[in-house]
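Read through the structure below, which is laid out as structure tokens, and then see the notes.
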């Protein structure tokens, strides 16, 4: 197969591992910066160009679209879909999962367990909004935040009101969620490929921190997850329409809850913690599923 990997940088761990895994299995892999792509949307002559070259002949595309370039990145993925190239994760699924509010609403509609979550537009409603969630502490997070950025833990009602007011003054959209204290700063990353959880790890926050993101100093370790957690992770990825996803769960006193579904999960932490060839399993999935014109637009809304 001829595989295109949409990534801003060739030397990123995840990008390098995907190239290595593809070449080790006898395929050719090329890294393409999505921001250097430009396209002809003429229905009689659909095409994608990159640095003056017409990009043709790809059997599959692996999107590694960062949150900061979601709009343009998904437009590039969508153009490849229109050209009949199989995309590991489709544009609509990526967009769906990147919108935190939309993704939580879709998961909730399908009965997936979530932390109590509130969202409102008017600052006049903040007291009633907080009462819907429960009692502090709360986790207040920006809808556009990634890797733990824009996430604040507020211990008191007054502190919560101050953070809400500050975000309102910035015209920022945000969610207010219950804080799952019994999780003790830990969550679980389930790496889903197709209809299976192929690897899982527990991420634990460093001392004095409640966010377990590895980018913020969290530590990763191997963990055995339950059948319920496996089912929840696979179902969450399916609802988003993602073939490959990092589903973040948290263990609460009333069962596992989904925090987020990531459409471009990093490979470094999960491969190091589990010693599994996750990149190879992704390429293996492509081998079994990539076909011209096979764009399923999985999921709903």
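Each reported figure results from applying straightforward, stated rules to the coordinates on display, with no laboratory input. It should be emphasised that the depicted structure is a prediction, and the values quoted were computed from it without experimental measurement. Cβ atoms come from the backbone with ideal geometry, glycine included; neighbour counts cover every protein chain shown.
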(message) Compute the angle between helix 100-109 and the longest alpha-carbon principal axis of the chain, please, reported from 0 to 90 degrees and rounded to the nearest 10.
(response) 80 degrees
(message) Quick check: pseudo-label points 7 Å beyond the Cα along Cα→Cβ at residue 53 and residue 222, how many nm apart are they?
(response) 4.0 nm
(request) From the C-alpha gyration tensor of the stretch 117-179, pull out the three semi-axes of the equivalent ellipsoid (sqrt of 5λ each), sorted largest to smallest, in whole Å. (result) 16, 14, 10
(message) Testing the spin-label approximation: label points 7 Å from Cα along Cα→Cβ at residue 110 and residue 143. State their distance in nm.
(response) 2.1 nm
(request) Could you check how many percent of all C-alpha pairs in the stretch 240-301 are farther apart than 20 Å? (result) 44 percent
(message) If neighbour count is taken as other Cβ atoms inside 10 Å, put 267, 170 in order from fewest to most.
(response) 170, 267
(message) Please list, in order, the residues from the stretch 159-193 whose amide nitrogen is less than 18 Å from a point placed 7 Å along the Cα→Cβ vector of residue 1.
(response) 192-193
(request) Mind pulling up the Rg/Rh value for the stretch 154-209? Radius of gyration and Kirkwood radius, both on Cα. (result) 1.14
(request) As a check on your grasp of the helix formula, calculate [θ] at 222 nm for the chain: sum -39500 (n - 2.57) over DSSP H runs of n ≥ 4, divide by the residue count, round to the nearest 500. (result) -9500 deg cm²/dmol
(request) Going by C-beta contacts inside 10 Å, put 224, 182 in order with the fewest on the left. (result) 224, 182
(request) Find how many whole Å separate the alpha carbon centroid of the stretch 62-87 from the alpha carbon centroid of the stretch 221-241. (result) 25 Å
(request) Evaluate the stretch 2-89: find the radius of gyration of its Cα atoms, find its Kirkwood radius, and give the ratio Rg to Rh. (result) 0.95
(message) As a test of understanding, state the convex hull volume per residue of the stretch 70-197 from its alpha carbons, in Å³.
(response) 141 Å³
(request) Multiply the residue gap between residue 132 and residue 13 by 0.36 nm, knock off their C-alpha separation, and tell me the result in nm, one decimal place. (result) 38.7 nm
(request) Could you state the angle between the C-alpha long axis of helix 157-169 and the longest principal axis of the C-alpha atoms of the chain, as a value from 0 to 90 degrees rounded to the nearest 10? (result) 40 degrees
(message) Run the numbers for residue 195 and residue 72: contour at 0.36 nm per residue of separation, minus the present Cα-Cα distance, in nm.
(response) 41.4 nm
(request) Calculate how large, on average over all directions, the projected area of the Cα convex hull of the chain is; give the answer in nm² to one decimal. (result) 16.2 nm²
(request) For residue 166 paired with residue 40, estimate the spin-label separation in nm (one decimal), with each label point 7 Å from Cα along the Cα-to-Cβ line. (result) 5.2 nm
